[in-house]
Structure formats: C-alpha cells, structure tokens
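The structure appears right after this line, and notes come after that.
Read-outs: derived from the displayed coordinates by stated rules, not from any lab. Quick caveat: nothing in here was measured; it's all calculated off a predicted structure. Don't worry about glycine lacking a Cβ; one is built from the backbone with ideal geometry, like all the others, and counts go over all protein chains shown.
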Amino acid sequence: MPDHQPNNPLHGVTLEQIVTYLVDELGWEEMAARVNINCFKSDPSVKSSLKFLRKTPWAREKVERLYIATRNRSNPWGQS
C-alpha cells in the first residue's frame, strides 16, 4: 500500500511544524484566542505546547484544524 496521501493536508507535517507555523502566522495571543488552552496563554513556548498537545487529543485536533484553516486562508487554491 503506498504511503502517499494526496487528500490529507496534514500528511508529512509534524506537530512541531504546525505549532511553529501558527506562531509565525498568528502569534501566541491569537492562537490562545482561537484555541483556549493554557499552554498558549501562560508563558507559551513551542516545547511546552508540544508536550501538552501530544498528551491531549482534543486539543491537538483543534490545533490541526486551525492550521488547516490558516493554510487555506493564506493559500486559497491549496497549492504548496
């Protein structure tokens, strides 16, 4: 079975890449406003966010959806 997933926007993207992209695009304050979790509000860092998101599936799912929405907004035709 091939490892290629052309319809999966998260394929090949690590959680660290997602968080870093969102910080660069939105900043911690906007991320906290959109996904209400303390690791984005109180002394935020990529490392602490990754630790929390890896243990908390519901929060990771929200961050992944925010990433997809943000990528689609900045690139409405879905091109890389």
Under 14 Å from Lys47, Cα to Cα: aspartates and glutamates that are on another chain or at least 8 residues apart: Glu16
Chain lengthening between Glu16 and Asn36 when straightened (0.36 nm per residue, less Cα-Cα): 5.3 nm
Whole-number D in µm² s⁻¹ for the stretch 15-72, Kirkwood Cα-pair radius fed into Stokes-Einstein, 20 °C, 1.002 mPa s: 195
Karplus (6.51, -1.76, 1.60) ³J(HN,Hα), θ = phi - 60°, over the stretch 11-25, in Hz, Gly and Pro reported as x: 4, x, 10, 7, 4, 4, 5, 5, 5, 4, 4, 5, 4, 5, 7
Simple spin-label estimate for Arg65 and Asp43 in nanometres, 7 Å along Cα-Cβ: 3.0
